[in-house]
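K.L.:
If you scroll down you'll find the structure; I have some questions about it.
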Amino acid sequence: MDYDVIIVGMGPVGALCANLAGLWGLNALVVEKSETVYANPRAMGFDHEVMRVFGNIGLAGSIAEHVMPYRPSEYRTTGSQLIKRIDAAQPPFPLGWAPNYVFSQPPVERALREKIARFKSVTVELGSEVLSVDSAESQANVRIQAKDGTERTVTAAHVLACDGGTSPIRTRLGLKMDDLAFDEPWLVVDVILNEGAGEDLPKTNVQFCELARPCTFVVGPGRHRRWEFMINPDEQPSEISKPEMIKKLISRWLPEQDYQLWRASAYRFHALILEQWKADRVFFLGDAAHMTPPFLAQGMCQGIRDALNLVWKIALVKEGLAAPEFLETYQIERIPHVRQTTLAAKEFGGVICERDSERAANRDARLIEHMKENPGGTIRQSLIPGLSQGFIAQVSPAGELFPQPMVIDHVGKRALLDEFTGQVFRVVVAPGFDATALLRCLRSSQSLKGLPIHVVRLVNPEQSGARAADEYQEVDGLLAQWLEQRGCNVVIVRPDHYVYGGAVTVAWAMELLEGMELALWCKPPQKPTSAQGGVCDKTIRFEQA
């Protein structure tokens, strides 16, 4: 077989897949038809989960100048009355990063691509096109046309279709999309403010829920600003996209001499989810699997989560650490998450897009009343779900995102926890909890041999004496508080930072580990036959990263 995975498409999702494939040691080929990064911005927002992943691949520092924390969003009526406010959580930030960001896509995408070059196991072919994908019993056969017109067929264990909303691979397979009944035409306009201009623009993001023309204003990084205008029924996208019409639309806020038009594109905002995310040896990710209205800035985030969910699972299967059937958890986990997030975005879109005066008045009254009850506004990240099923234990806090505190390691280095552990399984022990028996069991166990696991023992600042390599002191106590609130002394965390399960006692933690091993091999859970049962009786080596 030529490759472990062939990644089709190298937008943000495909480029992240390539980075994660390299991180996990997969032999990968990336095929991208375009030879350059798309010059215009499309996505403009992402959240702390995405920034955490960018940190994991060493990208956070290099994109800092193109990224800015997302400002609160205000919803205002035709008379400019405030009817809704969406805010971000205040520090300390649970994942170590600001909850939401705006960004400039072209330079961030270029940085993602540049990171791929450090992985010898990942090959990139620009200017090439995948003509067909045929799944055989043991491999996928992928026919590729190079930019010089020559064709060849290569093989892979799996194909990751990151080929966009029109996905030729999905289209050729005739796979159906579940339509969540949202289809609205909008014009998206990006401008770069001239030096010194824009002082009178809103200082935060605004959803103008106006009957004549709903529209959105977004404050981007640097001098980047975006407007989104709903296209009226009597207008044609080709006409409203013309420069003279754009100038007229923006003139309410800015004279034309104050900005340079970056791009203007007409879109139909959809809410669609693929019914079948895996077809034989082909997986679908990003826009090829779902389309999300932009009203929560979750479109690209959804695709990044796809990549983060899938690649480590493929790596475990390749290394013989999980059953091939384990890959079915990709669709099982992602569809409910994507559906709930998409429905939340659709609900926000319904608020913004309302054109009926009577329904709009009822909306305003309802939202104003809600603001009185909740003057602090809605926290944006509270709308994003955790995992509800799949590879998680049926015990709290399973399915939650695991926090990432700032910590100090045993030699005094201070950094976010992921910098020490990376994307591996983690067994995290609360401060002051005696997990000696659990750790002894893990180190002698043979039942999870080869599985990448890192122990994280939190210690109290007053603890004296030398510290072990797996001991970390928190800077602000965020994780210790999180553990206490959930009544856990031990939690097991997946490589994608979702919690597998939590335990109060050592015996319970051992049962969780045994259950995790059985789940990796798609076996039903079994109750230990004695207090000494579970992973200590099996054959897997516990590794510390």
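The values are calculated or read from the model by the stated rules, or taken from the named source; none is laboratory data. These figures come from a predicted structure and were not determined experimentally. Don't worry about glycine lacking a Cβ; one is built from the backbone with ideal geometry, like all the others, and counts go over all protein chains shown.
K.L.:
It is to be established whether one or more residues within region 64-76 are buried (at least 20 other Cβ atoms within 10 Å of the Cβ), touching a His at 6+ places or on another chain (Cβ under 9 Å) and aromatic (Phe, Trp, Tyr).
P.N.:
Within region 64-76, not a single residue is buried (at least 20 other Cβ atoms within 10 Å of the Cβ), touching a His at 6+ places or on another chain (Cβ under 9 Å) and aromatic (Phe, Trp, Tyr).
K.L.:
Further question: Considering (1) in contact with a Lys or Arg (Cβ under 6 Å, 6 or more places away or on another chain); (2) among the aliphatic types (A, V, I, L, M); (3) crowded, with 17+ Cβ neighbours inside 10 Å, say which one Leu131 fails and leave the rest.
P.N.:
Here Leu131 meets the rest and fails (3).
K.L.:
Among the residues of region 216-225, are any touching a residue at least 24 places away in the same chain (Cβ under 8 Å) and of a type in the set (D, E, K, R)?
P.N.:
For region 216-225, residues touching a residue at least 24 places away in the same chain (Cβ under 8 Å) and of a type in the set (D, E, K, R): present.
K.L.:
So, one more: Within region 176-243, considering only strands (runs of 3 or more DSSP E) that don't extend past its boundaries, which have at least 1 residues that are at pLDDT below 95 and more than 24 Å from Pro69 (Cβ to Cβ)?
P.N.:
Output list reads 177-193.
K.L.:
To continue, here is another question. Test Glu373 against the stated conditions and say whether it is touching a strand residue (DSSP E or B) at 6+ places or on another chain (Cβ under 8 Å) and of a type in the set (Asp, Glu).
P.N.:
No.
K.L.:
Just to be sure before I move on: is Arg113 among the charged types (D, E, K, R) and touching a helix residue (DSSP H, G or I) at 6+ places or on another chain (Cβ under 9 Å) in the structure I sent?
P.N.:
Answer is yes for this residue.
K.L.:
Which ones in region 10-69 are of a type in the set (Phe, Trp, Tyr) and closer than 27 Å to Pro403 by Cβ?
P.N.:
Trp24, Phe46, Phe54
K.L.:
Check whether at least one residue in region 29-43 is surrounded by 20 or more Cβ atoms within 10 Å (Cβ to Cβ), of a type in the set (A, V, I, L, M, F, W, C), modelled with pLDDT of 95 or more and under 30 Å from Gly450 (Cβ atoms), and report yes or no.
P.N.:
yes
K.L.:
Okay, moving on. Determine whether region 214-226 contains at least one residue that is surrounded by fewer than 17 Cβ atoms within 10 Å (Cβ to Cβ) and polar (S, T, N, Q).
P.N.:
no
Each row is one residue, and each column tells you yes or no for (1) within 30 Å of Ala519 (Cα to Cα); (2) not assigned by TED's automatic domain parsing to the domain that holds Gln276.
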{"position": "Leu321", "(1), (2)": "yes, no"}
{"position": "Pro324", "(1), (2)": "yes, no"}
{"position": "Ile335", "(1), (2)": "yes, no"}
{"position": "Ala345", "(1), (2)": "no, no"}
{"position": "Glu358", "(1), (2)": "no, yes"}
{"position": "Ala361", "(1), (2)": "no, yes"}
{"position": "Ile368", "(1), (2)": "no, yes"}
{"position": "Met371", "(1), (2)": "no, yes"}
{"position": "Pro375", "(1), (2)": "no, yes"}
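K.L.:
Sort out which residues of region 389-401 are at pLDDT 95 or above, in a loop (DSSP other than H, G, I, E, B) and within 22 Å of Leu327 (Cα to Cα), and write them in order of number.
P.N.:
Answer for region 389-401, where residues must be at pLDDT 95 or above, in a loop (DSSP other than H, G, I, E, B) and within 22 Å of Leu327 (Cα to Cα): Gln389, Gly390, Phe391, Ile392, Ala393, Ala398, Gly399, Glu400.
K.L.:
Related question: Quick one: is Glu184 surrounded by fewer than 19 Cβ atoms within 10 Å (Cβ to Cβ), assigned by TED's automatic domain parsing to the domain that holds Phe283 and either among the basic types (Lys, Arg) or closer than 30 Å to Phe46 by Cβ (or both)?
P.N.:
The answer is no for Glu184.
K.L.:
Can I ask one more? What single numbered condition from (1) at pLDDT below 95; (2) out of contact with any helix residue (DSSP H, G or I) (no Cβ under 8 Å at 6 or more places or on another chain) fails to hold for Ala360?
P.N.:
Of everything listed in (1) at pLDDT below 95; (2) out of contact with any helix residue (DSSP H, G or I) (no Cβ under 8 Å at 6 or more places or on another chain), Ala360 misses just condition (1).
K.L.:
If you don't mind, another one. Considering only region 138-175, state which residues are of a type in the set (A, V, I, L, M), within 27 Å of the chain's Cα centre (by Cα) and not in a strand (DSSP E or B).
P.N.:
Ile169, Leu173, Leu175
K.L.:
Something else about it: Based on what the data block shows, is Arg440 over 19 Å from Leu321 (Cα atoms) and of a type in the set (Lys, Arg)?
P.N.:
Yes, satisfied.
K.L.:
Would it be correct to say that Arg268 is modelled with pLDDT under 95 and surrounded by fewer than 20 Cβ atoms within 10 Å (Cβ to Cβ)?
P.N.:
yes
K.L.:
Residues that are over 30 Å from Lys523 (Cβ atoms), at least 2 per element: which strands (runs of 3 or more DSSP E) completely within region 405-512 meet that?
P.N.:
406-408, 414-416, 453-459, 471-474
K.L.:
Right, another one. Among the residues that make up region 273-290, is at least one of them surrounded by fewer than 24 Cβ atoms within 10 Å (Cβ to Cβ), over 13 Å from the mean Cα position of the chain (by Cα), among the hydrophobic types (A, V, I, L, M, F, W, C) and part of a helix (DSSP H, G or I)?
P.N.:
No, region 273-290 contains no residue that is surrounded by fewer than 24 Cβ atoms within 10 Å (Cβ to Cβ), over 13 Å from the mean Cα position of the chain (by Cα), among the hydrophobic types (A, V, I, L, M, F, W, C) and part of a helix (DSSP H, G or I).
K.L.:
Being crowded, with 16+ Cβ neighbours inside 10 Å and more than 20 Å from the chain's Cα centre (by Cα) is the filter; apply it to region 313-346 and report the residue that is farthest from Asp287 (Cα to Cα).
P.N.:
Out of the qualifying residues, it is Leu321.
K.L.:
If only one of Arg440, Arg486 is closer than 28 Å to Phe391 by Cβ, surrounded by fewer than 20 Cβ atoms within 10 Å (Cβ to Cβ), charged (D, E, K, R) and without any contact (Cβ under 8 Å) to a residue 12 or more places away in the chain, which one is it?
P.N.:
Arg440
K.L.:
Looking at region 407-445 only, could you name the residues that are within 13 Å of Val459 (Cα to Cα) and of a type in the set (A, V, I, L, M, F, W, C)?
P.N.:
Val407, Ile408, Val428, Val429, Ala430, Phe433, Ala435
K.L.:
Restricting to strands (runs of 3 or more DSSP E) lying wholly in region 26-95: which have 1 or more residues that are of a type outside the set (A, V, I, L, M), touching a residue at least 24 places away in the same chain (Cβ under 8 Å) and over 19 Å from Gln381 (Cα atoms)?
P.N.:
28-32, 73-76
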